Amino acid sequence: MAVPLRVLMVEDEASHAAVILAELKRGDYELATERVWTEAAFQEALKRGGWTVILCAFVLPDFSGMDALAMVQQSGCGVPFIFVSGQMYEDAAVAALRGGAADYVRKANLVRLRPTIERALREAEEKRAQERLRQETSARARQQAELAEFGQWALTGRELDALLAGTAE
């Protein structure tokens with residue numbers, strides 16, 4: 001069964017985009033792509049949303065891949081952002097990963113693209129699940145505090161451990 005994959009490709013070179021697209025087509029995806037290469041077009045596509053993954057060149061004529069990454073991080077959309085570049089060196093890759101990129105793939109090694117996307121999608125889903133769990137736990141704690149007859153108690157970790165172990169004084 002094909003996996004739906006909506007790809008926003010930020011790439012100014014049509015030939016590079018065609019090679020990336022050909023690699024994606026080798027996967028078991030129900031593929032929908034849009035290619036942009038200007039900052040204005042990228043911002044508009046980002047606002048429309050619905051993307052599964054963003055694949056971005058590092059060097060662009062109108063703005064940089066790092067600018068695009070910053071826009072994605074500021075938007076809070078949580079879409080995995082992967083650099084696909086032939087001009088990205090180790091120090092830039094490290095900066096990109098620290099800045100929130102899920103990964104990077106060199107254009108000379110596109111065989112890594114599909115596994116990288118799959119890992120990034122799994123990690124993004126795990127983050128969403130953790131956030132849902134955190135929100136549910138927080139909501140339950142608020143509800144329990146509101147329903148408690150004796151209000152809230154502040155316990156240290158050690159006091160809570162002792163209480164649970166039945167050794168509290």
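The values are calculated or read from the model by the stated rules, or taken from the named source; none is laboratory data. This one's a predicted model, so the numbers in the text were calculated from it and none came from an experiment. Quick reminder, even Gly has a Cβ in these numbers, built from the backbone with ideal geometry, and neighbours come from all protein chains shown. Just so you know, the surface numbers come from the protein's heavy atoms only, side chains and all, with ligands and any DNA or RNA stripped out. Shrake-Rupley method; radii C 1.70, N 1.55, O 1.52, S 1.80 Å.
Observations, loosely collected:
- Conditions (1) touching an Asp or Glu at 6+ places or on another chain (Cβ under 8 Å); (2) open to solvent by 40 Å² or more (accessible area, probe 1.4 Å): number failed by ALA102: (2)
- All positions within segment 120-148 that are more than 30 Å from LEU55 (Cα to Cα) and of a type in the set (Gly, Ala, Ser): SER138, ALA139, ALA141, ALA145, ALA148
- For segment 1-24, a residue qualifies if it is at pLDDT below 95 and not in a strand (DSSP E or B), and the qualifying residues are MET1, ALA2.
- The residue pairs whose first member lies in segment 85-103 and is touching a residue at least 12 places away in the same chain (Cβ under 8 Å), whose second member is among the hydroxyl-bearing types (Ser, Thr, Tyr), and whose beta carbons are closer than 9 Å, counting only pairs six or more residues apart or on different chains, are SER85/TYR104; MET88/TYR104; ALA92/SER85; ALA92/TYR104; ALA96/TYR104; ALA102/THR116; ASP103/THR116.
- Taking segment 45-150 as the region of interest, the strands (runs of 3 or more DSSP E) fully inside it that hold 1 or more residues being of a type in the set (Lys, Arg) and either at pLDDT 85 or above or closer than 27 Å to ALA18 by Cβ (or both) are 103-106.
- Residues in segment 1-38 that are among the acidic types (Asp, Glu), touching a helix residue (DSSP H, G or I) at 6+ places or on another chain (Cβ under 7 Å) and within 17 Å of PHE83 (Cβ to Cβ): 2 in all.
- Residue tally, condition of a type in the set (D, E, K, R) and in contact with a Ser or Thr (Cβ under 9 Å, 6 or more places away or on another chain), over segment 102-145: 3
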